[in-house]
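Shown next, in structure tokens, is the structure this report addresses.
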Amino acid sequence: MPASLRWQALVDAMQRTRGGTFVHLPLFFLIGWLTGIAESHRAFFIGNVVVLTVTALTRLVFTQYAHGAARSDASLDRIRRFTWVFTGLYLLSGAHWGALAAAVSYWPSLENARIPIWLVCTGMAAAGTIILGLLQAVRIAYPAAVLLPSMCASLLNPSEGSLFAVAAAAMLWIYVFDASRGIRRDYWTAAVATRELEQRAAELERLSTTDALTQICNRRYFDERLADEWSHSIETGQRIAVMVIDIDHFKSINDEYGHEVGDRCIVAAAKALRMGLRPQGDLLARYGGEEFAVLLPGLPEDAAIAAGESLRLRVADALIEISGRRVAMTCSVGVCSMTAGRNGRPDIAMRRADQALYIAKRAGRNRVVAFDESAVGEGITESIRKALYR
Ligand code: GH3
Ligand code: MG
Ligand code: MG
């Protein structure tokens, strides 16, 4: 059983019993007050109030502690230990009521409280076992802790109707033990099924955002992340850089070596590009056949051009060998760095990077060109001249 499932079971168990933790105390006050034992047996009453308070507080503190501690280390061993402590505290609280029922069954002076405490114990044995039936130890030991002491006390000091009460308690015990078996089975079946569904959903999510050939992100994911990053940049006012990178004369590679080698080139280019990016924040995606897109949040134009240059060199250095022959591969890079102002839009940034790529191609390929706003309207020839100059 994986640690995450066990942890989930413990969290569920703690959640299920949270409401009940502080019910015991008011219930006991009510019984003490209505039956008069709060007055007639002061020490007994106060002693039990103290025990009930300490048990409730310990359970509360433990629950808080377990949540915090599991965040730092949720190993299987630790979760097992937590589950045992939690089960122990729960059983202790049941055993306390069991002992109370034994006391009122045994001592005639406490007879007034017998029926109310038996009623509480009956409810606890049924509800408590069913609620936590998912934990095997609770299923087995909880009804015993709650019912057995009063059954023994009634047999040791029988009074009118006590044999009937013992028989009823035994039947209740068998019933809850049997009913909780199904509850336990249903809980774990549902937990395992939910986990499998979550894993499948995560895998589907991964597949829907990953490019099958290169295992990097696909265009869909890139566009989503770019839109998110764009909104973030509007708030922070920082620049955002994008690149479009296209392998040069890729058709010739395909024609010369075949599609399989072409695929290997695309994979090698993706790997080379990924190695050249910052692991946190930057994003690389396969945007089309032999075309990649890169998102570089916060990068001003100069830094983005330098990054593009480094990526260009990495692709040129990528080693693809076919029967001892090296396949030469270069790429062209179009860069656009802009502030995500009110009038800006992610698709405008991508279009500008694409225009810059187009100019890089026209200027001879294997180069980096940044979109130049001042060149807008100068015509493509002027832009290419500028690109060559660069
Ligand atoms: P340019 O330098 O102008 O980019 O020239 P190019 O030959 O790279 O560009 P073009 O768009 O003419 O050709 C791209 C080729 O990439 C055409 C297509 O068959 C090939 N291609 C697209 N996707 C894949 C793929 O997944 N695997 C392989 N092997 N080839 C692909
Ligand atoms: Mg190409
Ligand atoms: Mg292309």
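The values are calculated or read from the model by the stated rules, or taken from the named source; none is laboratory data. In this text, all values refer to a predicted model and were calculated from it rather than measured experimentally. Using ideal geometry, Cβ is built from the backbone for each residue, glycine included, and neighbour counts are taken over all protein chains shown.
On the given criteria, is A113 surrounded by 18 or more Cβ atoms within 10 Å (Cβ to Cβ), within 25 Å of A13 (Cα to Cα) and at pLDDT below 95?
Values: surrounded by 18 or more Cβ atoms within 10 Å (Cβ to Cβ): yes; within 25 Å of A13 (Cα to Cα): no; at pLDDT below 95: yes.
For A113, the condition - surrounded by 18 or more Cβ atoms within 10 Å (Cβ to Cβ), within 25 Å of A13 (Cα to Cα) and at pLDDT below 95 - is not met.
Taken together, the residues in segment 320-347 that are surrounded by 14 or more Cβ atoms within 10 Å (Cβ to Cβ) and in a helix (DSSP H, G or I) amount to 1. When segment 41-84 is filtered for residues that are within 25 Å of H96 (Cβ to Cβ) and not in a helix (DSSP H, G or I), only H41 remains. One residue alone among L52, L27 is surrounded by 14 or more Cβ atoms within 10 Å (Cβ to Cβ), assigned by TED's automatic domain parsing to the domain that holds T189 and under 36 Å from the mean Cα position of the chain (by Cα), and that residue is L52.
Filtering E260, E309, E290, E256 for residues that are out of contact with any helix residue (DSSP H, G or I) (no Cβ under 8 Å at 6 or more places or on another chain), in contact (Cβ under 8 Å) with a residue 24 or more places away in the chain and not β-branched (V, I, T) leaves a single hit, E309. The test for being outside the structural domain of M350 (by TED's automatic domain parsing), under 32 Å from the mean Cα position of the chain (by Cα) and not small (G, A, S) holds for R185. You will find that of A145, A126, the residue that is under 25 Å from A43 (Cα atoms), out of contact with any strand residue (DSSP E or B) (no Cβ under 8 Å at 6 or more places or on another chain), free of Cβ contacts under 8 Å to residues at least 60 places away in the same chain and not in a loop (DSSP other than H, G, I, E, B) is A145 and no other.
Going through (1) closer than 25 Å to R312 by Cβ; (2) away from ligand 2 (no atom under 16 Å from the Cβ) one by one, I253 falls short only on (2). Residue check: is T21 crowded, with 18+ Cβ neighbours inside 10 Å and modelled with pLDDT under 90? Against the criterion (crowded, with 18+ Cβ neighbours inside 10 Å and modelled with pLDDT under 90), T21 qualifies. Scanning segment 313-328 for residues that are within 16 Å of ligand 2 (Cβ to nearest atom) and touching a residue at least 60 places away in the same chain (Cβ under 8 Å) yields V315, V327.
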